[in-house]
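The values are calculated or read from the model by the stated rules, or taken from the named source; none is laboratory data. Keep in mind that what you see is a predicted model, and the values were worked out from it rather than measured. Note: ideal-geometry Cβ built from the backbone for every residue, glycine included; neighbour counts use all protein chains shown.
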Amino acid sequence: MMQSKEPELRRAIGPVGAWITVATLFAAQIVSTVDRGMLALVIDPVRQDLAISEMQIALLQGFAFSIFYVTVGLPLGAFADVVNRRRLLIAGIMVWSAATIAGGFAQGFGSMFASRLFIGVGEAVLGPCAVTMISDLFPPHRRGKPMALYVFGSMIAYGLGSLVSGVILDMAPKGAFAALPVIGLLAPWRIAFTLVGAFGLLIVVLLFLLREPARRVEQASAGEAELKLSFVQGLGLLKARKATFLPLYGSLALFAMGGSVATGWGAVFLTRAFGYQVGIAGQGLGTSQIAWSVIGAVVAGILVDRVGARSGAAGRMRLAGLLALAGIPCSLPALAGSGSVAMAMLGEVMLVSAIYGTTMLSVISEIAPTKVRGFAVALYAFVMTVIGGSLGPLAVAWLTESVFASPLAVGRSMAVVGVSAFIVAALLAFRAAASISSDERN
(Lines give C-alpha, C1' and ligand atoms only; values in the text may rest on other atoms or scores of the structure.)
Protein backbone atom coordinates (compact mmCIF):
# COMPACT_ATOMS: atom_id res chain seq x y z
CA MET A 1 0.00 0.00 0.00
CA MET A 2 2.87 2.33 0.84
CA GLN A 3 4.37 1.72 -2.58
CA SER A 4 1.24 2.96 -4.34
CA LYS A 5 1.31 6.22 -2.38
CA GLU A 6 4.99 7.05 -2.75
CA PRO A 7 4.79 8.26 -6.38
CA GLU A 8 2.02 10.68 -5.38
CA LEU A 9 4.13 11.99 -2.48
CA ARG A 10 7.12 12.53 -4.73
CA ARG A 11 4.93 14.58 -7.05
CA ALA A 12 3.76 16.90 -4.24
CA ILE A 13 4.15 20.53 -5.27
CA GLY A 14 4.59 23.33 -2.74
CA PRO A 15 3.03 26.82 -2.82
CA VAL A 16 5.86 28.35 -4.87
CA GLY A 17 5.78 25.53 -7.40
CA ALA A 18 2.00 25.80 -7.59
CA TRP A 19 2.14 29.47 -8.50
CA ILE A 20 4.93 28.86 -11.02
CA THR A 21 2.64 26.31 -12.67
CA VAL A 22 -0.23 28.82 -12.69
CA ALA A 23 2.07 31.48 -14.21
CA THR A 24 3.10 29.07 -16.97
CA LEU A 25 -0.53 28.19 -17.69
CA PHE A 26 -1.26 31.92 -17.75
CA ALA A 27 1.42 32.38 -20.43
CA ALA A 28 0.06 29.42 -22.40
CA GLN A 29 -3.41 30.95 -22.27
CA ILE A 30 -2.05 34.20 -23.69
CA VAL A 31 -0.34 32.46 -26.61
CA SER A 32 -3.38 30.31 -27.35
CA THR A 33 -5.79 33.24 -27.39
CA VAL A 34 -3.49 35.51 -29.40
CA ASP A 35 -3.05 32.79 -32.02
CA ARG A 36 -6.81 32.29 -32.23
CA GLY A 37 -7.97 35.89 -32.02
CA MET A 38 -5.58 37.86 -34.18
CA LEU A 39 -7.61 37.20 -37.34
CA ALA A 40 -10.16 39.72 -36.05
CA LEU A 41 -7.65 42.54 -36.51
CA VAL A 42 -6.79 41.73 -40.12
CA ILE A 43 -10.22 40.86 -41.51
CA ASP A 44 -10.12 43.25 -44.46
CA PRO A 45 -6.48 42.54 -45.50
CA VAL A 46 -7.12 38.78 -45.35
CA ARG A 47 -10.37 39.14 -47.31
CA GLN A 48 -8.60 41.06 -50.04
CA ASP A 49 -5.51 38.83 -50.16
CA LEU A 50 -7.41 35.54 -50.19
CA ALA A 51 -10.41 36.87 -52.17
CA ILE A 52 -12.99 35.61 -49.69
CA SER A 53 -16.33 36.95 -48.43
CA GLU A 54 -17.48 38.32 -45.09
CA MET A 55 -19.33 35.08 -44.35
CA GLN A 56 -16.18 33.07 -45.07
CA ILE A 57 -14.28 35.27 -42.61
CA ALA A 58 -16.96 34.51 -40.01
CA LEU A 59 -16.52 30.78 -40.68
CA LEU A 60 -12.77 31.13 -40.12
CA GLN A 61 -13.31 33.01 -36.85
CA GLY A 62 -15.47 30.39 -35.16
CA PHE A 63 -16.80 27.52 -37.23
CA ALA A 64 -13.34 26.07 -37.97
CA PHE A 65 -12.86 25.53 -34.24
CA SER A 66 -16.30 23.96 -34.00
CA ILE A 67 -15.40 21.19 -36.44
CA PHE A 68 -12.42 20.23 -34.34
CA TYR A 69 -14.43 20.25 -31.11
CA VAL A 70 -17.21 18.09 -32.52
CA THR A 71 -14.74 15.42 -33.63
CA VAL A 72 -11.87 15.59 -31.13
CA GLY A 73 -12.35 18.32 -28.51
CA LEU A 74 -14.60 16.61 -25.96
CA PRO A 75 -12.69 13.30 -26.07
CA LEU A 76 -9.49 15.25 -25.39
CA GLY A 77 -11.19 16.87 -22.38
CA ALA A 78 -12.04 13.43 -21.03
CA PHE A 79 -8.49 12.31 -21.87
CA ALA A 80 -7.18 15.06 -19.56
CA ASP A 81 -8.88 13.30 -16.65
CA VAL A 82 -6.67 10.21 -16.97
CA VAL A 83 -3.32 11.10 -18.64
CA ASN A 84 -0.30 13.25 -17.86
CA ARG A 85 -1.67 16.73 -18.53
CA ARG A 86 1.72 18.43 -18.88
CA ARG A 87 2.66 16.15 -21.78
CA LEU A 88 -0.76 16.61 -23.38
CA LEU A 89 -0.29 20.38 -23.20
CA ILE A 90 3.15 20.21 -24.79
CA ALA A 91 1.76 18.26 -27.74
CA GLY A 92 -1.19 20.62 -28.09
CA ILE A 93 0.92 23.78 -28.07
CA MET A 94 3.28 22.41 -30.70
CA VAL A 95 0.32 21.65 -32.98
CA TRP A 96 -1.46 24.99 -32.57
CA SER A 97 1.76 26.99 -32.97
CA ALA A 98 2.60 25.17 -36.21
CA ALA A 99 -0.97 25.75 -37.43
CA THR A 100 -0.72 29.50 -36.75
CA ILE A 101 2.53 29.71 -38.72
CA ALA A 102 0.90 27.76 -41.56
CA GLY A 103 -1.92 30.31 -41.60
CA GLY A 104 0.63 32.94 -42.55
CA PHE A 105 1.31 31.01 -45.77
CA ALA A 106 -2.33 30.23 -46.65
CA GLN A 107 -3.22 30.79 -50.29
CA GLY A 108 -6.98 30.49 -50.14
CA PHE A 109 -10.01 29.79 -47.97
CA GLY A 110 -9.34 26.04 -47.80
CA SER A 111 -5.78 26.25 -46.52
CA MET A 112 -6.68 29.02 -44.05
CA PHE A 113 -9.63 26.94 -42.83
CA ALA A 114 -7.29 23.98 -42.22
CA SER A 115 -4.95 26.24 -40.27
CA ARG A 116 -7.79 27.53 -38.08
CA LEU A 117 -9.04 23.98 -37.61
CA PHE A 118 -5.80 22.84 -35.96
CA ILE A 119 -5.44 26.00 -33.89
CA GLY A 120 -8.52 24.55 -32.17
CA VAL A 121 -6.16 22.10 -30.47
CA GLY A 122 -5.30 24.97 -28.13
CA GLU A 123 -8.88 25.42 -26.98
CA ALA A 124 -9.49 21.67 -26.72
CA VAL A 125 -6.37 20.79 -24.71
CA LEU A 126 -5.51 23.86 -22.66
CA GLY A 127 -8.75 24.44 -20.77
CA PRO A 128 -9.31 20.95 -19.32
CA CYS A 129 -5.62 20.51 -18.47
CA ALA A 130 -5.16 23.93 -16.92
CA VAL A 131 -8.35 24.05 -14.84
CA THR A 132 -7.93 20.54 -13.45
CA MET A 133 -4.26 21.22 -12.64
CA ILE A 134 -5.23 24.40 -10.77
CA SER A 135 -7.97 22.48 -8.95
CA ASP A 136 -5.40 19.89 -7.88
CA LEU A 137 -2.90 22.53 -6.73
CA PHE A 138 -5.31 24.62 -4.62
CA PRO A 139 -8.22 23.79 -2.27
CA PRO A 140 -11.69 25.13 -3.25
CA HIS A 141 -11.56 28.21 -0.99
CA ARG A 142 -8.23 29.33 -2.53
CA ARG A 143 -8.94 28.80 -6.23
CA GLY A 144 -10.37 32.24 -6.97
CA LYS A 145 -7.05 34.06 -7.39
CA PRO A 146 -5.19 31.39 -9.43
CA MET A 147 -8.29 30.85 -11.57
CA ALA A 148 -8.57 34.61 -12.08
CA LEU A 149 -4.94 34.77 -13.20
CA TYR A 150 -5.49 31.96 -15.67
CA VAL A 151 -8.62 33.59 -17.10
CA PHE A 152 -6.77 36.93 -17.15
CA GLY A 153 -4.40 35.33 -19.66
CA SER A 154 -7.17 35.02 -22.23
CA MET A 155 -8.48 38.50 -21.48
CA ILE A 156 -5.16 40.32 -21.77
CA ALA A 157 -4.25 38.21 -24.80
CA TYR A 158 -6.86 39.93 -26.95
CA GLY A 159 -5.32 43.27 -26.08
CA LEU A 160 -1.77 42.05 -26.52
CA GLY A 161 -2.69 40.40 -29.79
CA SER A 162 -4.28 43.58 -31.10
CA LEU A 163 -1.42 45.73 -29.83
CA VAL A 164 1.43 43.52 -31.08
CA SER A 165 -0.29 42.79 -34.38
CA GLY A 166 -1.01 46.48 -34.81
CA VAL A 167 2.66 47.31 -34.31
CA ILE A 168 3.74 44.59 -36.78
CA LEU A 169 1.19 45.76 -39.34
CA ASP A 170 2.39 49.34 -38.88
CA MET A 171 6.10 48.46 -39.15
CA ALA A 172 5.99 45.84 -41.92
CA PRO A 173 5.22 48.23 -44.81
CA LYS A 174 8.25 50.29 -43.70
CA GLY A 175 10.58 47.32 -44.24
CA ALA A 176 11.20 46.55 -40.56
CA PHE A 177 11.15 42.78 -41.21
CA ALA A 178 12.67 42.74 -44.70
CA ALA A 179 15.90 41.14 -43.45
CA LEU A 180 14.12 38.09 -41.98
CA PRO A 181 14.55 34.92 -44.06
CA VAL A 182 11.52 33.43 -45.79
CA ILE A 183 8.92 35.74 -44.19
CA GLY A 184 10.60 39.10 -44.70
CA LEU A 185 8.86 39.88 -47.98
CA LEU A 186 5.43 38.50 -47.06
CA ALA A 187 2.33 40.69 -46.66
CA PRO A 188 2.18 42.38 -43.23
CA TRP A 189 -0.66 40.19 -41.93
CA ARG A 190 1.26 37.06 -42.93
CA ILE A 191 4.35 38.25 -41.06
CA ALA A 192 2.18 38.80 -37.97
CA PHE A 193 0.82 35.23 -38.13
CA THR A 194 4.24 33.60 -38.47
CA LEU A 195 5.91 35.63 -35.72
CA VAL A 196 3.10 35.15 -33.21
CA GLY A 197 2.92 31.41 -33.96
CA ALA A 198 6.63 31.06 -33.23
CA PHE A 199 6.12 32.42 -29.69
CA GLY A 200 4.24 29.27 -28.73
CA LEU A 201 7.40 27.22 -28.86
CA LEU A 202 8.75 29.20 -25.89
CA ILE A 203 5.87 27.90 -23.75
CA VAL A 204 6.85 24.34 -24.62
CA VAL A 205 10.26 24.94 -23.03
CA LEU A 206 8.61 26.23 -19.83
CA LEU A 207 6.29 23.24 -19.64
CA PHE A 208 9.22 20.83 -19.81
CA LEU A 209 10.43 22.38 -16.52
CA LEU A 210 7.17 21.70 -14.66
CA ARG A 211 5.90 18.61 -12.84
CA GLU A 212 2.50 17.01 -13.15
CA PRO A 213 0.49 17.67 -9.93
CA ALA A 214 -1.07 14.77 -8.05
CA ARG A 215 -4.82 14.57 -8.56
CA ARG A 216 -6.80 15.85 -5.59
CA VAL A 217 -9.67 13.86 -4.10
CA GLU A 218 -11.83 16.10 -1.95
CA GLN A 219 -15.01 15.70 0.09
CA ALA A 220 -16.01 12.44 -1.57
CA SER A 221 -19.49 11.30 -0.68
CA ALA A 222 -20.76 7.77 -1.13
CA GLY A 223 -22.27 8.71 -4.51
CA GLU A 224 -19.04 10.40 -5.53
CA ALA A 225 -17.01 7.34 -4.58
CA GLU A 226 -19.13 5.23 -6.91
CA LEU A 227 -18.67 7.83 -9.63
CA LYS A 228 -14.91 7.37 -9.62
CA LEU A 229 -15.41 3.80 -10.76
CA SER A 230 -16.94 4.75 -14.10
CA PHE A 231 -16.70 7.69 -16.45
CA VAL A 232 -20.11 6.73 -17.88
CA GLN A 233 -21.56 7.09 -14.40
CA GLY A 234 -20.13 10.61 -14.31
CA LEU A 235 -21.90 11.54 -17.54
CA GLY A 236 -25.08 10.05 -16.12
CA LEU A 237 -24.83 12.30 -13.08
CA LEU A 238 -24.42 15.39 -15.28
CA LYS A 239 -27.53 14.35 -17.18
CA ALA A 240 -29.40 13.74 -13.93
CA ARG A 241 -28.65 17.35 -12.95
CA LYS A 242 -29.69 18.83 -16.27
CA ALA A 243 -31.83 21.43 -14.47
CA THR A 244 -28.53 22.98 -13.37
CA PHE A 245 -26.14 22.16 -16.18
CA LEU A 246 -28.36 22.97 -19.18
CA PRO A 247 -28.97 26.63 -18.20
CA LEU A 248 -25.39 26.92 -16.96
CA TYR A 249 -23.88 25.88 -20.28
CA GLY A 250 -26.57 27.80 -22.14
CA SER A 251 -25.51 30.96 -20.33
CA LEU A 252 -21.90 30.28 -21.27
CA ALA A 253 -22.80 29.87 -24.93
CA LEU A 254 -24.88 33.04 -25.13
CA PHE A 255 -22.33 35.09 -23.17
CA ALA A 256 -19.64 33.94 -25.60
CA MET A 257 -21.91 34.87 -28.49
CA GLY A 258 -22.31 38.39 -27.13
CA GLY A 259 -18.61 38.75 -26.38
CA SER A 260 -17.58 37.54 -29.83
CA VAL A 261 -19.40 40.53 -31.31
CA ALA A 262 -16.83 42.89 -29.77
CA THR A 263 -13.75 40.68 -30.11
CA GLY A 264 -14.56 39.43 -33.61
CA TRP A 265 -15.80 42.62 -35.26
CA GLY A 266 -14.56 45.45 -33.06
CA ALA A 267 -11.39 46.22 -35.00
CA VAL A 268 -13.08 46.18 -38.40
CA PHE A 269 -15.86 48.40 -37.01
CA LEU A 270 -13.23 50.98 -36.05
CA THR A 271 -11.68 50.95 -39.52
CA ARG A 272 -15.03 51.18 -41.30
CA ALA A 273 -16.90 53.59 -39.01
CA PHE A 274 -14.07 55.95 -38.04
CA GLY A 275 -11.57 55.46 -40.87
CA TYR A 276 -8.66 54.21 -38.75
CA GLN A 277 -5.72 52.49 -40.42
CA VAL A 278 -5.72 48.85 -39.32
CA GLY A 279 -2.41 49.16 -37.43
CA ILE A 280 -3.59 52.22 -35.51
CA ALA A 281 -6.94 50.59 -34.74
CA GLY A 282 -5.13 47.53 -33.40
CA GLN A 283 -2.86 49.52 -31.14
CA GLY A 284 -5.69 51.64 -29.74
CA LEU A 285 -8.08 48.75 -29.25
CA GLY A 286 -5.32 46.62 -27.76
CA THR A 287 -4.44 49.28 -25.19
CA SER A 288 -8.10 49.55 -24.18
CA GLN A 289 -8.48 45.78 -23.89
CA ILE A 290 -5.35 45.43 -21.76
CA ALA A 291 -6.44 48.20 -19.38
CA TRP A 292 -9.89 46.67 -18.90
CA SER A 293 -8.36 43.18 -18.53
CA VAL A 294 -6.07 44.29 -15.70
CA ILE A 295 -8.98 45.82 -13.82
CA GLY A 296 -11.08 42.70 -14.41
CA ALA A 297 -8.37 40.35 -13.15
CA VAL A 298 -7.88 42.34 -9.94
CA VAL A 299 -11.61 42.49 -9.27
CA ALA A 300 -12.18 38.82 -10.16
CA GLY A 301 -9.48 37.54 -7.80
CA ILE A 302 -11.19 39.25 -4.88
CA LEU A 303 -14.87 39.26 -5.80
CA VAL A 304 -15.34 35.63 -6.82
CA ASP A 305 -13.85 34.24 -3.59
CA ARG A 306 -15.87 36.65 -1.45
CA VAL A 307 -19.14 35.89 -3.18
CA GLY A 308 -18.40 32.17 -2.97
CA ALA A 309 -17.58 32.37 0.75
CA ARG A 310 -20.81 34.24 1.43
CA SER A 311 -23.28 32.61 -0.98
CA GLY A 312 -21.61 29.50 -2.39
CA ALA A 313 -21.97 28.29 -5.98
CA ALA A 314 -25.50 29.70 -6.25
CA GLY A 315 -24.24 33.18 -5.36
CA ARG A 316 -21.52 32.91 -7.97
CA MET A 317 -24.10 31.96 -10.61
CA ARG A 318 -26.21 35.00 -9.70
CA LEU A 319 -23.07 37.10 -10.07
CA ALA A 320 -22.61 35.59 -13.56
CA GLY A 321 -26.12 36.73 -14.48
CA LEU A 322 -25.38 40.32 -13.44
CA LEU A 323 -22.10 40.22 -15.35
CA ALA A 324 -23.90 39.17 -18.54
CA LEU A 325 -26.07 42.28 -18.30
CA ALA A 326 -22.96 44.36 -17.67
CA GLY A 327 -21.54 43.15 -21.00
CA ILE A 328 -24.19 44.92 -23.09
CA PRO A 329 -22.23 48.21 -23.63
CA CYS A 330 -19.44 46.41 -25.52
CA SER A 331 -21.90 45.53 -28.29
CA LEU A 332 -23.04 49.14 -28.76
CA PRO A 333 -19.98 50.99 -30.18
CA ALA A 334 -22.27 52.33 -32.92
CA LEU A 335 -23.66 54.69 -30.28
CA ALA A 336 -20.20 56.13 -29.54
CA GLY A 337 -19.61 59.67 -30.70
CA SER A 338 -15.88 59.18 -31.30
CA GLY A 339 -13.33 56.49 -32.03
CA SER A 340 -11.77 56.71 -28.57
CA VAL A 341 -15.14 56.19 -26.86
CA ALA A 342 -15.85 53.25 -29.19
CA MET A 343 -12.48 51.69 -28.26
CA ALA A 344 -13.33 52.03 -24.56
CA MET A 345 -16.76 50.43 -25.08
CA LEU A 346 -15.32 47.56 -27.13
CA GLY A 347 -12.58 46.92 -24.57
CA GLU A 348 -15.10 46.74 -21.71
CA VAL A 349 -15.90 43.15 -22.72
CA MET A 350 -12.52 42.18 -21.22
CA LEU A 351 -13.46 43.51 -17.79
CA VAL A 352 -16.74 41.60 -17.76
CA SER A 353 -15.31 38.44 -19.33
CA ALA A 354 -12.44 38.23 -16.83
CA ILE A 355 -14.86 38.16 -13.90
CA TYR A 356 -17.49 36.05 -15.67
CA GLY A 357 -14.96 33.43 -16.80
CA THR A 358 -13.42 33.16 -13.33
CA THR A 359 -16.89 32.87 -11.82
CA MET A 360 -18.10 30.13 -14.14
CA LEU A 361 -14.92 28.06 -13.96
CA SER A 362 -15.06 28.26 -10.16
CA VAL A 363 -18.68 27.07 -10.20
CA ILE A 364 -17.92 24.19 -12.55
CA SER A 365 -14.87 23.07 -10.55
CA GLU A 366 -17.05 23.09 -7.43
CA ILE A 367 -20.23 21.36 -8.61
CA ALA A 368 -18.91 18.99 -11.29
CA PRO A 369 -18.08 15.44 -10.13
CA THR A 370 -14.33 15.05 -9.62
CA LYS A 371 -14.06 12.11 -12.03
CA VAL A 372 -15.46 14.14 -14.93
CA ARG A 373 -14.18 17.60 -14.04
CA GLY A 374 -11.88 17.69 -17.07
CA PHE A 375 -14.80 16.72 -19.30
CA ALA A 376 -16.98 19.42 -17.67
CA VAL A 377 -14.33 22.06 -18.41
CA ALA A 378 -13.98 20.77 -21.98
CA LEU A 379 -17.75 21.15 -22.33
CA TYR A 380 -17.36 24.73 -21.04
CA ALA A 381 -14.91 25.47 -23.85
CA PHE A 382 -17.03 23.48 -26.31
CA VAL A 383 -20.24 25.48 -25.89
CA MET A 384 -18.42 28.81 -25.78
CA THR A 385 -16.52 28.05 -28.98
CA VAL A 386 -18.92 25.90 -30.98
CA ILE A 387 -22.10 27.80 -30.16
CA GLY A 388 -21.04 31.23 -28.96
CA GLY A 389 -17.80 31.72 -30.85
CA SER A 390 -19.31 30.39 -34.10
CA LEU A 391 -22.81 31.84 -34.09
CA GLY A 392 -21.78 35.32 -32.94
CA PRO A 393 -19.49 36.16 -35.88
CA LEU A 394 -21.80 34.37 -38.34
CA ALA A 395 -24.88 36.26 -37.14
CA VAL A 396 -23.12 39.61 -37.47
CA ALA A 397 -21.83 38.74 -40.94
CA TRP A 398 -25.27 37.53 -42.09
CA LEU A 399 -27.06 40.64 -40.87
CA THR A 400 -24.43 42.92 -42.41
CA GLU A 401 -24.45 41.20 -45.81
CA SER A 402 -28.02 39.95 -46.18
CA VAL A 403 -30.23 42.21 -44.05
CA PHE A 404 -28.53 45.61 -43.91
CA ALA A 405 -26.63 44.96 -47.17
CA SER A 406 -23.73 47.28 -46.38
CA PRO A 407 -20.29 46.75 -44.79
CA LEU A 408 -20.77 50.08 -43.03
CA ALA A 409 -23.76 48.64 -41.13
CA VAL A 410 -21.58 46.26 -39.11
CA GLY A 411 -22.20 48.36 -35.98
CA ARG A 412 -25.96 47.86 -36.24
CA SER A 413 -25.46 44.11 -36.66
CA MET A 414 -23.22 44.04 -33.58
CA ALA A 415 -25.90 45.79 -31.51
CA VAL A 416 -28.69 43.39 -32.51
CA VAL A 417 -26.68 40.23 -31.87
CA GLY A 418 -24.81 41.39 -28.77
CA VAL A 419 -27.70 42.85 -26.79
CA SER A 420 -29.95 39.85 -27.47
CA ALA A 421 -27.26 37.33 -26.51
CA PHE A 422 -26.27 39.02 -23.26
CA ILE A 423 -29.87 39.34 -22.05
CA VAL A 424 -30.62 35.64 -22.65
CA ALA A 425 -27.29 34.68 -21.03
CA ALA A 426 -28.29 36.56 -17.89
CA LEU A 427 -31.71 34.88 -17.70
CA LEU A 428 -30.16 31.42 -18.05
CA ALA A 429 -27.55 32.16 -15.36
CA PHE A 430 -30.29 33.17 -12.90
CA ARG A 431 -32.14 29.95 -13.75
CA ALA A 432 -29.05 27.86 -13.03
CA ALA A 433 -28.52 29.72 -9.75
CA ALA A 434 -32.07 28.83 -8.66
CA SER A 435 -31.43 25.17 -9.44
CA ILE A 436 -28.16 25.16 -7.50
CA SER A 437 -29.91 26.77 -4.52
CA SER A 438 -32.56 24.07 -4.63
CA ASP A 439 -29.89 21.34 -4.71
CA GLU A 440 -28.08 22.90 -1.74
CA ARG A 441 -31.29 23.01 0.32
CA ASN A 442 -31.95 19.36 -0.46
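Values for this structure:
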read-out	value
Index of the failed condition, residue 316 passing every other in (1) buried (at least 24 other Cβ atoms within 10 Å of the Cβ); (2) under 22 Å from residue 389 (Cα atoms)	(2)
From the options 372, 304, 341, residue that is farther than 18 Å from residue 431 by Cα and within 19 Å of the chain's Cα centre (by Cα)	304
Failed item, numbered, when residue 122 is tested on (1) at pLDDT 75 or above; (2) of a type outside the set (Val, Ile, Thr); (3) closer than 30 Å to residue 287 by Cα	(1)
Filtered residue count, the range 327-342, keeping only those that are buried (at least 17 other Cβ atoms within 10 Å of the Cβ), touching a residue at least 24 places away in the same chain (Cβ under 8 Å) and over 17 Å from residue 392 (Cβ atoms)	2
Residue match in the range 148-166 (condition: surrounded by 24 or more Cβ atoms within 10 Å (Cβ to Cβ), more than 19 Å from the chain's Cα centre (by Cα) and part of a helix (DSSP H, G or I))	yes
Single unsatisfied condition, residue 151 versus (1) over 27 Å from residue 135 (Cβ atoms); (2) aliphatic (A, V, I, L, M); (3) at pLDDT below 80	(1)
Subset of the range 320-347 [touching a Ser or Thr at 6+ places or on another chain (Cβ under 9 Å), farther than 21 Å from residue 40 by Cβ and not small (Gly, Ala, Ser)]	323
Members of the range 73-111 that are assigned to a loop (DSSP other than H, G, I, E, B) and at pLDDT 80 or above	83, 84, 104, 105, 106, 107, 108
Of all residues in the range 395-413 being assigned to a helix (DSSP H, G or I), farther than 18 Å from residue 60 by Cβ and not aliphatic (A, V, I, L, M), the one that is farthest from the chain's Cα centre (by Cα)	402
Residue ID - surrounded by the fewest Cβ atoms within 10 Å (Cβ to Cβ), chosen from residues in the range 174-197 that are over 20 Å from the mean Cα position of the chain (by Cα) and assigned to a helix (DSSP H, G or I)	174
Pick from the range 230-252, criterion modelled with pLDDT of 65 or more and touching an Asp or Glu at 6+ places or on another chain (Cβ under 8 Å), ranking: surrounded by the fewest Cβ atoms within 10 Å (Cβ to Cβ)	241
Selection within the range 362-383 - closer than 21 Å to residue 421 by Cβ and either of a type outside the set (A, V, I, L, M) or buried (at least 24 other Cβ atoms within 10 Å of the Cβ) (or both)	363, 379, 380, 381, 382
Enumeration of residues in the range 269-327 that are outside any helix (DSSP H, G or I) and at negative phi	276, 277, 327
Qualifying residue in the range 414-433 (condition: assigned to a helix (DSSP H, G or I), surrounded by fewer than 24 Cβ atoms within 10 Å (Cβ to Cβ), among the charged types (D, E, K, R) and free of Cβ contacts under 8 Å to residues at least 60 places away in the same chain)	no
